[in-house]
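The values are calculated or read from the model by the stated rules, or taken from the named source; none is laboratory data. Quantities reported herein were computed from a predicted structural model and do not represent experimental measurements. Cβ sites come from the backbone with ideal geometry, for glycine too, and all protein chains shown count toward neighbours. Note: accessible area is taken over every heavy atom of the protein model, side chains too, but ligands, DNA and RNA are not part of it. Shrake-Rupley method; radii C 1.70, N 1.55, O 1.52, S 1.80 Å.
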Amino acid sequence: MELIDIGVNLTHESFRHDLTEVLQRAAAAGVHRMVVTGTGVVPTREALALHAQYRDRLFATAGLHPHHASEFDATVRDTLRELAGQPGAVAIGECGLDYYRNYSPREAQLKAFAGQLELAVETGLPVFLHQRDAHADFMAVLRDYLPRLKAGVAHCFTGQPAELDECLAADLHIGITGWICDERRGRHLLPMMARIPADRLMVETDAPYLLPRSLKPSPPTRRNEPAFLPEVVRAVAAARNEPVADLAATSTATAMRFFGLR
Ligand SMILES: [Zn+2]
């Protein structure tokens, strides 16, 4: 099994002390390549530095998370544009809207989101999208850019069936995390899995967040890591009623094509 974790926050401080071991465990679990999420200018620089260190394994997105949208201005935009042109940068984002936490005011979120979609159009890179409790506004902003965007992935999709339909109709790819392994809040996702075409379905851990609750035995800490991606693949494959090996192969092929990896 060879998997690609399309969303992993390896620049998070919780990985600072043992990244080498984390990457070794990931490789042992079949997770050779990962896309490190850029959530701001500094994390994007750090993600690109990880690519310089692990050229064949780690790639980066360049973006500003909606939590930090208040920071978005012309300087940030120009810096992100420059970072997006560096080796290892494979997507713009993560960007989007988060009305669940509202850490940045909605006006600022809408502006930063549109600004980064503009960057994705300019650079010709695909876009890594975050959306929580903001589906209608998210689609409304996105709609203007869709015809000019190379591709987009709704990362950590946790929405309802009608939202999935709209995302698929908009030609978006879908990223599924360990949310689906959560028997309390992820059950509604199970019947939706079979409706996602294999060439639009990718998998991610969103580590260190979203530790799959179904892991047995449960790990000693709450920190999620890319080595746990097979647990997500197992849950999605079971929900699609398809062999794990098939989903592993198609999700990897889809991620390679989406991010332009070889
Ligand atoms: Zn996110």
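Things to note:
- Restricting E94, E107, E163 to residues that are within 25 Å of D199 (Cα to Cα), charged (D, E, K, R) and open to solvent by 30 Å² or more (accessible area, probe 1.4 Å) narrows the list to E163.
- Exactly one residue among K150, K111, K216 is away from the ligand (no atom under 16 Å from the Cβ) and in contact with a Phe, Trp or Tyr (Cβ under 7 Å, 6 or more places away or on another chain), and that residue is K111.
- Which listed residue, of T20, T44, is over 19 Å from the mean Cα position of the chain (by Cα) and hydroxyl-bearing (S, T, Y): T20
- Which listed residue is more than 13 Å from the ligand (Cβ to nearest atom), closer than 26 Å to F157 by Cβ and open to solvent by 50 Å² or more (accessible area, probe 1.4 Å), from E13, E2: E2
- Residue that is modelled with the lowest pLDDT, among those in the stretch 220-251 that are among the polar types (S, T, N, Q) and surrounded by fewer than 22 Cβ atoms within 10 Å (Cβ to Cβ): T221
- Subset tally (residues that are within 14 Å of the ligand (Cβ to nearest atom), open to solvent by less than 50 Å² (accessible area, probe 1.4 Å) and either within 19 Å of E204 (Cβ to Cβ) or in contact (Cβ under 8 Å) with a residue 40 or more places away in the chain (or both)) for the stretch 116-134: 6
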